[in-house]
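S.K.: This is the structure I have questions about; it appears just below.
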Amino acid sequence: MYICYMDESGTVEAADSSRHFVLVGLAILASAWKAKDAQVDAIKGQYGLIGAEIHTAWMMREFPEQNYIPGFAALSADQRRRQVIALRTQNLAKPRKKKQQANLALNYRKTAAYIHLTKAERIECVQKVADLVGSWADARLFAEAQKKASLSDGAGDFEEAFEQVVTRFNTCLKNVGGVHGLIVQDNNETIAERLTQQMRKFHQSGTTWAKDIEFVVETPLFVDSELTSMVQLADLCSYAIRRFFDKSETDLLDRIWPVFDRNVNKLVGIRHYTRSTPCGCKVCLEHGRRQP
């Protein structure tokens, strides 16, 4: 049995800085889960992150406070934490607009687990986790990357992305011998009911590309990504894919590239959806699409 962990990067909204909306499914064998989870924890342990969430977008950000601490890289982890917390506490005490204060507090809360790491160390940690995912020969990666400007209203379509990933997962399960699979999704209260109902429809009448979703069982299970390492890895993969399409960043994508599902030697695990707009990216080239 395979467990497919889903997460997204970017938003479907048109008025957003992300040019693409990406939904990812990272499927692993249920029998290999414990060993893989231990491998992830081993990397987290190297960076003092046991029990912390690997949230790639927050880890890859600049932490400006660190630049104001003399010799920050030479300090111990505890010294780094204390000094960053002190500067952040001072900064939060400064007067500012309510929305700005809320955004700053959110930033500090989301990055609190990583303040003892330099940016180079945070990047190195993410790279090691990406390399780990890329080394899992028995794992499969599925993704839908939608170029929002190419869609009619300039917005992404979560349901369309979900249908794409579910269909590709089901086809993979069929191709590896007709084993069954289960979807685990990062908990999102705004879409949980919609995806549950959508999955019920898939079980009743199939998808646009598959008459019968016969190998994916049940509706998605929703979990807290802070407590589930494999969803965190799906988050890393979705971040890597979106940064490739939005910013032409290749480092993380190259590290996870071997895990994308293939049928013999044909790439089938990822679609870059641009409608009729030609594209010459590596994904579209492997699909044989018309180039610009």
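No value in this document is a laboratory result; all are computed from the given coordinates. Computed from a prediction, not measured in an experiment: that's the story for all the values here. Reconstructed Cβ throughout: ideal geometry from the backbone, glycine too, with neighbour counts over all protein chains shown.
S.K.: Quick check on GLY48: is it on the phi > 0 side of the Ramachandran plot and not aliphatic (A, V, I, L, M)?
M.R.: On the way: on the phi > 0 side of the Ramachandran plot: yes; not aliphatic (A, V, I, L, M): yes.
It is true that GLY48 is on the phi > 0 side of the Ramachandran plot and not aliphatic (A, V, I, L, M).
S.K.: Output the residue which, of all residues in the range 31-63 that are among the aromatic types (Phe, Trp, Tyr) and part of a helix (DSSP H, G or I), is nearest to the chain's Cα centre (by Cα).
M.R.: TRP58
S.K.: So which of ILE69, ILE85 ends up being surrounded by 12 or more Cβ atoms within 10 Å (Cβ to Cβ), more than 30 Å from the chain's Cα centre (by Cα) and either within 15 Å of GLU124 (Cα to Cα) or touching a residue at least 12 places away in the same chain (Cβ under 8 Å) (or both)?
M.R.: Residue meeting the stated conditions: ILE69.
S.K.: A follow-up question, please. Please enumerate the residues belonging to the range 200-246 that are among the hydroxyl-bearing types (Ser, Thr, Tyr) and either crowded, with 23+ Cβ neighbours inside 10 Å or over 15 Å from VAL165 (Cα atoms) (or both).
M.R.: SER205, SER225, THR228, SER229, SER238, TYR239
S.K.: Inspect all residues belonging to the range 258-278 and state whether any of them is assigned to a helix (DSSP H, G or I) and surrounded by fewer than 22 Cβ atoms within 10 Å (Cβ to Cβ).
M.R.: Yes - at least one qualifying residue is present in the range 258-278.
S.K.: Being in a helix (DSSP H, G or I), hydrophobic (A, V, I, L, M, F, W, C) and surrounded by 14 or more Cβ atoms within 10 Å (Cβ to Cβ) is the filter; apply it to the range 279-292 and report the residue that is nearest to the chain's Cα centre (by Cα).
M.R.: Of the residues in the range 279-292, the ones in a helix (DSSP H, G or I) are 282-287.
From what is left, the residues that are hydrophobic (A, V, I, L, M, F, W, C) are 283-285.
Subsequent filtering for residues that are surrounded by 14 or more Cβ atoms within 10 Å (Cβ to Cβ) retains 283-284.
Values: VAL283: 17, CYS284: 20 Å.
Among those that are in a helix (DSSP H, G or I), hydrophobic (A, V, I, L, M, F, W, C) and surrounded by 14 or more Cβ atoms within 10 Å (Cβ to Cβ), it is VAL283.
S.K.: Further question: Considering the range 16-30 alone, what residues qualify as being surrounded by fewer than 22 Cβ atoms within 10 Å (Cβ to Cβ) and either among the acidic types (Asp, Glu) or part of a strand (DSSP E or B) (or both)? Show your work before the answer.
M.R.: Step one: list which residues in the range 16-30 are surrounded by fewer than 22 Cβ atoms within 10 Å (Cβ to Cβ), which gives 16-19, 29-30.
Matches in the range 16-30: ASP16, LEU29.
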